[in-house]
Amino acid sequence: MSSQVKPKSKGTPTYWISVAIGLFFILIFPFLPTFSTVTRTGMFILGPFIGMVILWSTVNSIWPSILGLLVISFSGIVPDAQGYNAVKAVFMNAFGNEISIVIMLGLVFFSGLVYVGCTPYMARFFMTRKIIEGRPYVLMFMIFLCSYVLGGTAAPMASMLLLWPIAIDICEKYGYSKHNPVFYSYICGIYLASTLGQPMFPFKGASYVVVSAFEKVTGLSVNYAVYILYNFIMAMLILAAFMLMLKFVFRLDMSKLKSITVAEVAKEKLPPMNIQQKVFFIALAVYILALLLPPFFKTAAWAKFLSSLGITGITVVLVVLLMIIPYNGGFLMDFKGIAKNHFAWDIYFLVAAALYACNQMTAEATGIKPMLISVLQPILGGKPDIVFVAILLAFALITTNFANNAGMAVTLLPIVVAFADQYAGVNLTALYMTITMMVFVALLTPAASPYCGMLHAQRDLVNYGEIMKLFLPVFVIAYLLYVIVGYHIAVFLFA
């Protein structure tokens, strides 16, 4: 699902200021005098890239992506092509590549889990474990864990829309009114867990944008199973720290929830799962395993076959099979219905433009890479490895709370690559996958992500002061965990 910020209201001064700044970089910047080592070709790449990131973060991702690619077409980056031929080449490369195809089909499949009604059954599974009885903090953690899983497999919005009413009902029934610390801890915690789960799969949505950009620019491959394990470890560490903070720092009075039972939580009966929902659950499991298992069984015939299909082939086979099988007067997958109601067009266009522009940013013809080194050398150069890592992670975490998540990660990629040679002791994959995780720790402002904007908009449930009271400490804790623990875990896992 999309990671872009909710568009500003059309016609407001903020909207037009954002548009003006973005258009300046896309349309005017390329014609300014060159500077440092940046060539004219580089000006036509750098300006639109900066403009797109600004507009992705403040307006939307569709028309800025199209316009940015159009301007890049005139950069001369396409060998032996000018005018129409250059425009055609750029757009075919951007939208006709494997990653754009996988994103399109993958978004429809994962959105199908919400469309066919799988998410309530996921929630019910987590919330009906006997371990919650008499243990209010365990109940809270199970709800957060459910939010994490839903945020990863479906979308943070689906997680919040499903779990907020459940948490509100529990709090109101047991005497925790609005603005009670227990009440807003539930509301904020559900959002926190869902946003930590958003980058769970490296082959889904915005995280696939970032991982694919890294693989394309560096030529390195990312082990999907290791990536998922790393995300899970860090998400659980942050959620555990959050729970400890609630228990020992804020000292929530959870005594009223000690009498809660599984029967009460599950008092509203769900109908038995239908065949369509069961098939989608099976398809989800098969899809994940088909992508994760082949590297561990390289000599097996089935693993070789799946490896030959690759992520594109596996995704195509899965979607086609679901669309072929009849169900209830239609088909198991209603592609048009899912696309109409749930397809994230913003992220599809962001994928195409971000990957193409980022790949060209590091091209020798642009002169951008040596410029970045010369400008950032006083800040990033000549530092101990861990200081270099800490500075980049701080920048990623701060900026993602004011800008597009995936966009900021892609923006940092040329910088990471530019300094890679100076820091031979830094594991490039570990560092960038850590950045990939951190840009989704978007907590502090409505501009951090559309889902964070959704949280901040719930003023009848939680106010800004309550959000800051909980999330400012989490912001610092997350940073320290990633720098002190997370990066080193990533180095071990991605070694």
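In the chain, with Lys and Arg counted as +1 and Asp and Glu as -1 at Cβ, which of these residues, GLY197, VAL71, ALA418, has the Cα nearest the positive end of the dipole, that is, farthest along it?
GLY197
Considering the convex hull of the alpha carbon atoms of the range 365-444, report its projected area averaged over all viewing directions, in nm², one decimal.
Directional mean of the projected Cα hull area for the range 365-444 stands at 5.3 nm².
For the range 479-491, in order, what is each residue's ³J(HN,Hα) by Karplus, 6.51 cos²θ - 1.76 cosθ + 1.60 with θ = phi - 60°, in whole Hz (x at glycine and Pro)?
Per residue, the Karplus-derived 3J(HN,Hα) values read 4, 5, 5, 5, 6, 7, 10, x, 4, 5, 4, 4, 4 Hz.
Please name which of PHE144, PRO156, PRO446 has its Cα lying farthest along the dipole of the chain towards the positive end, using unit charges on Cβ (Lys, Arg +1; Asp, Glu -1) and the Cα centre as origin.
Of the listed residues, the answer is PHE144.
With the calculation restricted to Cα positions, what are the radius of gyration and Dmax of the range 375-415 in angstrom?
Looking at the range 375-415, its Cα Rg and Dmax stand at 10.8, 30 Å.
Roughly how many Å² of VAL491 are accessible to a 1.4 Å probe, to the nearest 10?
Roughly 50 Å² of VAL491 is accessible to a 1.4 Å probe.
For a quick check: with amide H placed at 1.01 Å from N, whose amide H comes under 5 Å from ILE260's, ignoring anything fewer than 5 positions away on the same chain?
Excluding prolines and chain starts, which carry no amide H, the hits are GLY134.
Using the Cα centre of the chain as origin and beta-carbon charges of +1 (Lys, Arg) and -1 (Asp, Glu), tell me which of SER177, ASN85, GLY381 is placed farthest towards the positive end of the dipole.
SER177
Residue by residue, what Karplus-based ³J(HN,Hα) values in Hz, rounded to whole numbers, does the range 456-473 have, using 6.51, -1.76 and 1.60 with θ = phi - 60° and x for Gly and Pro?
3J(HN,Hα) across the range 456-473, in whole Hz: 5, 6, 7, 6, 7, 10, 8, 9, 4, x, 5, 4, 5, 4, 8, 8, 4, x.
So what J values fall out for the range 63-68 if you push phi through Karplus, 6.51 cos²θ - 1.76 cosθ + 1.60 with θ = phi - 60°, rounded to Hz, Gly and Pro as x?
5, x, 5, 5, 5, x
In whole Å, how far is the Cα centre of the range 141-177 from that of the range 180-227?
So the separation of the two Cα centres works out to 18 Å.
Rounding to the nearest 20 debye, state how big the charge dipole of the range 216-315 is about its Cα centre with +1 on each Lys and Arg Cβ and -1 on each Asp and Glu Cβ.
Result for the range 216-315 is approximately 60 debye, rounded to the nearest 20.
Describe numerically, in nm with one decimal, the distance between label points set 7 Å from Cα along Cα→Cβ at VAL320 and at MET236.
Those two pseudo-labels are separated by 3.8 nm.
For the range 256-311, which whole-number percentage of the solvent-accessible area (1.4 Å probe, protein heavy atoms only) is attributable to carbon and sulfur atoms?
For the range 256-311, the apolar C and S fraction of the accessible surface comes to 71 percent.
Give me the one-decimal nm value for the distance between modelled label points at PHE492 and ALA300, 7 Å along each residue's Cα-to-Cβ direction.
Roughly 2.7 nm, to one decimal.
Quickly estimate the mean residue ellipticity at 222 nm for the chain, helices only: each DSSP H run with n ≥ 4 gives -39500 (n - 2.57), and the total goes over all residues, rounded to 500.
Helix-only estimate at 222 nm: -21500 deg cm²/dmol.
Leaving ligands, DNA and RNA out of it, report the carbon-plus-sulfur percent of the accessible area of the range 1-156 at a 1.4 Å probe.
69 percent
Using the Cα atoms of the chain to build a convex hull, what is its mean projected area in square nanometres?
Quarter of the Cα hull surface area: 25.2 nm².
Taking the alpha-carbon distance from LYS383 and a cut-off under 24 Å, which lysines remain once sequence neighbours fewer than 8 residues away in the same chain are dropped?
Those lysines meeting the cut-off are LYS369.
Taking a virtual spin label 7 Å from the Cα of ALA457 along the C-beta vector, which residues in the range 156-175 bring their backbone nitrogen under 20 Å of it?
Those under the cut-off are 156-168.
Which entries of LYS130/LYS269; LYS173/LYS258; LYS247/LYS267; LYS130/LYS258; LYS178/LYS267 have Cα-Cα distances beyond 19 Å here?
Beyond 19 Å: LYS247/LYS267; LYS178/LYS267.
In terms of modelled amide H atoms, which long-range or inter-chain residues lie less than 5 Å from the amide H of TYR327?
Result for TYR327 returns LEU332.
Per residue, how much accessible area does the chain show when a 1.4 Å probe rolls over the protein heavy atoms, in square angstrom?
About 40 Å² of surface per residue is accessible.
Any idea of TRP16's accessible area? Nearest 10 Å², probe 1.4 Å.
Looks like 140 Å² after rounding.
In debye, nearest 20, what is the charge dipole magnitude of the chain about its Cα centre with +1 on Lys and Arg Cβ and -1 on Asp and Glu Cβ, if you could check?
With Lys and Arg at +1 and Asp and Glu at -1, about 840 debye.
Between ILE391 and THR312, with labels modelled 7 Å along Cα→Cβ, what's the label distance in nm to one decimal, could you check?
Modelled inter-label distance: 3.9 nm.
On the protein heavy atoms, probe 1.4 angstrom, tell me the percent of accessible surface of the range 405-487 carried by carbon and sulfur.
Its accessible area is 67 percent carbon and sulfur atoms.
Jot down the per residue volume, in cubic angstrom and as a whole number, of the convex hull over the alpha-carbon atoms of the range 63-140.
Hull volume over Cα atoms, normalised by residue count, gives 161 Å³.
The values are calculated or read from the model by the stated rules, or taken from the named source; none is laboratory data. If you're wondering where the values come from, they're calculated on a predicted model, not measured in any experiment. Using ideal geometry, Cβ is built from the backbone for each residue, glycine included, and neighbour counts are taken over all protein chains shown. For the accessible areas, the whole protein counts, side chains as well, though only heavy atoms, and no ligand, DNA or RNA atoms are used. Shrake-Rupley method; radii C 1.70, N 1.55, O 1.52, S 1.80 Å.
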